[in-house]
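Colleague: Below is one structure. I have some questions about it.
Values quoted throughout were computed directly from the atomic coordinates according to the rules given, and no laboratory measurement underlies them. These numbers come from a predicted model, not from an experiment. All Cβ positions, even for glycine, are placed from backbone atoms using ideal geometry, and neighbour counts span all protein chains on display.
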Amino acid sequence: MAARRPRVGPHAVLAAVLVAAVVLFNAVVLLPEVTVPVPSNNDDAFQLLYVRRAAEALASGENPLDFWTPQLELGFATFVHYQNLPHLAVVLLDRALFGAVDLLTLFNVVRYLLMVSFPLAVLWSLRRVGLGWPAAVFAAAAAPLLATPFLYGFDYGSYTWRGFGTYTQLWAMPLSFIGIAATHTVITRGRGHLLAIVALSALVLSHLLYAYIVAASIGVLFLVLLRRATWRTQVRDLAIVGVATLAVTSYMWVPFIRYGAFLNVSPYLQREKYDGFGAQRVLELLVTGQLFDAGRLPALTVLLAVGAVSALVVRTRARLAWLVLFVLWVVLYFGRPTFGGLYDLLPLSQTLLIHRFSGAVQLFGIVLIGMGAGWLWDLAAAGAPRLQRPLRSAVPYALAGAAALALVPAMAERAAFDGQGAAWMRATAAALAADADARTIVATLRTLPPGRVFAGLRTDYGPRMDFGIPFNSVRFSDLLVFESFDVVAPPYNSSSLSSDMLWDFDYRRLEDYDLFNVRYAVAPASLPMEASLRPILRTGRYTLYEAPTSGYSEYVRVGERRAAASPAVLIAANRPWLLAPDRADRGFIQWDYPAPVPRGGADTAPSCANGATRDLRVEPARIDVTASCDGAGTLLLKVTYDPGWRVTIDGAAAETLMLSPAYLAVRIPPGTHTVSARYEPVAEKTPLFVLGALVLAAAVPLSRRYAPR
């Protein structure tokens with residue numbers, strides 16, 4: 001007799017139908033993110049540039065784990081200070097496809113797949129930590145439907161073209177759920193070490209802030225789940241995962257900490273991003289539904305409240321743990337306006353962007369939303385036995401239908417949101433395609449000798465360079481970044497020590513063109529420009545100018561020597577120097593950095609009155625030049641200073657200097673010399689990467705050694 005197949009239960013039907021419906025919904029409404037290729041004016045602009053630069057580094061024999069990105073912010077050591085797995089994943093995918101698909105499309109496809117598949121990561125994770133099918137399914141279905149007034153959280157406005165383009169956080173979103181779930185399994189069952197190590201390592205390499213959030217949350221979970229009978233084994237297992245994760249990711253976080261002084265902390269960033277919004281504002285966002293249901297009926301917010309009540313009523317250890325974690329991150333989201341100096345007791349508090357804790361609140365809010373829906377399901381199902389048999393068997397399906405209907409308003413609002421974004425993308429693409437003058441300017445720039453390009457800031461004529469688009473879309477400066485030109489433009493990230501100086505570039509001041517090596521400027525055809533600028537090309541809309549600059553290098557005079565211990569001190573002193581009308585007479589400031597006082601007293605670098613440079617050769621991570629002077633002098637290289645730069649004079653190593661505004665410089669002896677400046681990766685990067693790979697390989701047999709408790 002053939003064995004009877006197991007009956008497909010209502011839980012499986014609910015999971016398949018509801019989650020598949022939401023996945024399909026997102027697959028449709030988000031499809032323009034792939035099918036409409038258009039430049040970005042949000043963070044995706046520099047994220048894509050990092051992908052392209054990493055691919056270029058790999059192809060040219062540079063180290064893809066640590067390279068110089070010259071196109072933005074006067075140059076920046078990208079992967080010393082920034083997580084790299086999301087970018088390298090696109091590059092490796094490109095290699096696997098043998099370059100058959102362009103990097104822009106691959107980048108957009110990865111973004112798209114991460115957003116579309118997010119519910120599956122939530123479903124798997126919540127089932128892994130023990131939530132019932134109804135709770136896990138509804139949480140997974142609700143997870144991609146959050147809506148906020150652009151709070152940088154898990155709502156898809158943080159990731160889409162019309163939003164913020166926080167690409168690395170998009171990776172952190174599913175990895176946070178998976179990392180917590182995998183570590184939960186290690187703590188409670190003593191198994192799954194390898195998965196936890198891989199998930200947490202991927203999270204660290206994708207987003208340091210969310211790695212911090214998840215690490216703190218795991219610490220709370222560990223305390224809740226600790227058992228008297230097995231605590232030693234639980235401590236051992238968590239220590240194995242923690243130490244292995246730190247070893248695997250050490251190639252990133254060790255240089256990040258060691259060279260932290262060379263990562264800018266911009267004073268122009270809104271203070272609430274560093275300090276938080278305060279309790280009143282956060283609680284207002286939560287109670288009014290703005291954290292989960294902005295602009296629509298607060299259905300998810302109500303379910304979150306039900307989930308919190310269920311934790312207090314049912315009072316299991318697991319339910320209380322999720323509630324405690326939600327409350328913890330709501331409180332931490334308050335920030336310094338509520339806690340003042342007490343907040344500084346939090347580890348690494350000075351480096352945290354507290355406004356991003358909205359994502360931590362939403363992470364555990366999603367769990368509570370699922371718990372609330374699951375509790376209502378259980379209550380309704382408990383009453384089903386009182387019904388007649390036909391009605392009783394229909395209850396699960398009726399509940400599944402009710403759950404789906406509850407999500408319809410959220411899906412309608414999200415469809416309208418994404419639909420407007422798609423319309424804006426198409427309008428932007430059409431405007432760029434119709435602007436033949438812009439294409440002519442870009443094509444001409446590709447034929448010209450090296451030099452930075454300027455097309456306006458947000459405080460001058462930059463907003464007028466909008467391709468005739470009537471809403472806030474890409475500007476000409478964004479197009480130049482998309483085309484990978486070396487630009488002086490509004491910083492997207494303000495990461496380099498010299499980046500904030502760009503805000504004060506004055507297109508009417510000729511000496512600013514020379515200081516920043518802005519050799520080319522694109523301006524509206526009707527705008528009067530500085531008389532010394534030479535028109536290269538005139539079109540109906542734009543004029544392309546060439547400025548008389550000294551190039552990427554020149555002999556300069558050093559007027560004084562100072563010390564700065566932090567980026568804030570550096571910026572505060574460099575800005576008055578930059579804006580001073582007698583800047584040329586005063587000379588440059590030599591900076592000892594990071595240092596509380598000048599090293600070696602008030603001695604300054606030598607100056608050369610008649611120095612000249614020639615035979616310039618510029619590559620992404622290298623500058624070669626022949627420098628000549630009758631006496632000793634100081635050669636300025638107009639790239640951001642970084643300890644990774646190595647300068648040789650006629651093949652012999654030379655000591656580097658930092659000159660305002662955080663530029664690289666070197667002392668040159670009398671005569672004619674060949675000067676070569678090359679960016680070299682941090683020495684420990686590759687050895688630590690190899691160590692991490694070995695630890696990960698060792699974790700495979702280690703994960704099989706321990707039987708489940």
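Colleague: Which ordering of Thr613, Thr35 is given by a fewest-first count of other beta-carbon atoms within 10 Å? Can you show the working numbers first?
Modeller: On the way: Thr613 19, Thr35 12.
Lowest count first: Thr35, Thr613.
Colleague: Could you work out how far apart the two model spin labels at Phe471 and Arg509 are, taking each label as a point 7 Å from the Cα in the direction of the beta carbon, and quote it in nm?
Modeller: According to this spin-label approximation, the distance is 3.7 nm.
Colleague: Identify, among Pro524, Asn610, Thr428, the residue whose Cα sits farthest towards the positive end of the charge dipole of the chain, taking +1 on the Cβ of Lys and Arg and -1 on the Cβ of Asp and Glu, with the dipole about the Cα centre.
Modeller: Thr428
Colleague: Moving to a separate point now. Highest mean first, what order results for 358-366, 305-313, 429-437 on Cβ atoms within 10 Å?
Modeller: Answer by packing, highest mean first, reads 358-366, 305-313, 429-437.
Colleague: If you don't mind, another one. Determine the gain in length on full extension of the stretch Ile257-Ala16; use 0.36 nm per residue of separation and subtract their C-alpha separation, reporting nm with one decimal.
Modeller: 82.3 nm
Colleague: Separate question: Quick one: net charge around Ala311, please, counting Lys, Arg +1 and Asp, Glu -1 for every other residue with C-beta under 15 Å from its C-beta. Could the numbers behind the result be given before it?
Modeller: Details: positive: Arg315, Arg317, Arg319; negative: Asp378.
Charge balance near Ala311 sits at +2.
Colleague: Grab the beta carbon distance between Val109 and Thr230, set R0 = 56 Å, and tell me the FRET efficiency rounded to 0.05. Before the final figure, lay out the partial values.
Modeller: Values: r = 44 Å, r/R0 = 0.79.
My answer for the efficiency is 0.80.
Colleague: Going by amide H atoms built from the backbone, whose H comes under 5 Å of the H on Phe76, apart from near neighbours?
Modeller: Thr69
Colleague: Using the Cβ atoms and a cut-off under 10 Å, what net charge is assigned to the surroundings of Asn264, where Lys and Arg are +1 and Asp and Glu are -1? Kindly include the intermediate steps, with their values, before the conclusion.
Modeller: Values: positive: none; negative: Glu73, Asp500.
Here the charged neighbours net out to -2.
Colleague: Can you grab the distance from the C-alpha centre of segment 293-345 to the C-alpha centre of segment 50-96, Å, no decimals?
Modeller: 38
Colleague: Another question about this same structure. Using each residue's phi in segment 167-172, evaluate 6.51 cos²θ - 1.76 cosθ + 1.60 at θ = phi - 60° and report the 3J(HN,Hα) Karplus result to the nearest Hz, with x for Gly and Pro.
Modeller: Taking θ as phi minus 60°, the curve returns 4, 5, 5, 4, 5, 5 Hz for segment 167-172.
Colleague: Going by alpha carbons, how many degrees (0 to 90, nearest 10) lie between the helix axis of 436-445 and the longest principal axis of the chain?
Modeller: Here the helix axis deviates by roughly 60 degrees.
Colleague: Round to the nearest 10 and give me the degree value, 0 to 90, for the angle of helix 567-579's Cα axis relative to the longest principal axis of the chain.
Modeller: 40
Colleague: Ranked by Cβ crowding within 10 angstrom, fewest neighbours first, how are Phe79, Phe222 ordered?
Modeller: By the 10 Å Cβ count, ascending, the order reads Phe222, Phe79.
Colleague: Let me ask something else. When a footprinting reagent is the concern and you count Cβ atoms within 10 Å, what order do Thr634, Thr686 take, fewest first? List each step's numbers first, then the result.
Modeller: Details: Thr634 25, Thr686 14.
Listed from fewest to most nearby Cβ atoms, that is Thr686, Thr634.
Colleague: Also, quick follow-up: May I ask you to compute the full-extension gain from Ala434 to Val243, defined as 0.36 nm times their residue separation minus their alpha-carbon distance, rounded to one decimal in nm?
Modeller: Answer, rounded to one decimal: 63.2 nm.
Colleague: How would you order 690-696, 495-501, 265-271 from highest to lowest mean count of nearby Cβ atoms within 10 Å?
Modeller: With the highest mean Cβ count within 10 Å placed first, the list reads 495-501, 690-696, 265-271.
Colleague: While we're here: Select from Thr183, Leu263, Tyr333 the residue farthest towards the positive end of the dipole of the chain; place +1 on Cβ of Lys and Arg, -1 on Cβ of Asp and Glu, and compute about the Cα centre.
Modeller: Looking along the dipole axis, the top candidate is Thr183.
Colleague: On full extension of the chain, what length is gained from Thr444 through Leu616, given 0.36 nm per residue of separation minus the C-alpha to C-alpha distance?
Modeller: Taking 0.36 nm per residue and subtracting the Cα distance, the gain is 59.9 nm.
Colleague: In whole angstrom, note down how far apart the Cα centers of segment 220-236 and segment 631-701 are.
Modeller: 47
Colleague: Assign unit charges at the C-beta atoms only (+1 for Lys and Arg, -1 for Asp and Glu), then state the dipole size of segment 436-546 relative to its Cα centre in Debye, rounded to the nearest 20.
Modeller: Dipole of segment 436-546, to the nearest 20 debye: 400 debye.
Colleague: Moving on. Sort 441-448, 332-339, 621-628 by the packing proxy (mean of other Cβ within 10 Å over each peptide's residues), most packed first.
Modeller: Working: 441-448: 14.2, 332-339: 21.5, 621-628: 19.4.
Ranked by mean Cβ neighbours within 10 Å, highest first: 332-339, 621-628, 441-448.
Colleague: Follow-up. With r defined as the distance between the Cβ atoms of Tyr461 and Ser60 and R0 fixed at 41 Å, what FRET efficiency is calculated, to the nearest 0.05?
Modeller: Result of the calculation: an efficiency of 0.70.
Colleague: Which value in nm describes the separation of the simple spin-label points at Leu31 and Leu527, placed 7 Å from the Cα toward the beta carbon?
Modeller: Calculated label separation equals 4.0 nm.
Colleague: Oh, and also: Return the sequence-ordered ³J(HN,Hα) values of segment 114-127 in whole Hz as given by the Karplus equation 6.51 cos²θ - 1.76 cosθ + 1.60 applied to θ = phi - 60°, using x for Gly and Pro.
Modeller: Working through the residues one at a time gives 5, 5, 5, 8, 3, x, 5, 5, 5, 4, 4, 5, 6, 5 Hz.
Colleague: Can I ask one more? Which one, Ala564, Phe588, Ser628, projects farthest toward the positive side of the charge dipole computed for segment 553-685 from Cβ point charges (K/R +1, D/E -1)?
Modeller: Checked the options; the winner is Ala564.
Colleague: Can I ask one more? Using the beta-carbon distance between Leu297 and Ala381 and R0 = 25 Å, what value does 1/(1 + (r/R0)^6) give for FRET efficiency, to the nearest 0.05?
Modeller: Rounded to the nearest 0.05, the efficiency is 0.50.
Colleague: Still on this model: Where does helix 44-60 land angle-wise versus the long Cα axis of the chain, in degrees 0 to 90, nearest 10?
Modeller: Once rounded, the angle reads 70 degrees.
Colleague: Same structure, new question: Where nothing but the Cβ of Lys and Arg (+1) and of Asp and Glu (-1) is charged, how large is the charge dipole of the chain around its Cα centre, in debye to the nearest 20?
Modeller: Its charge dipole is roughly 3520 debye.
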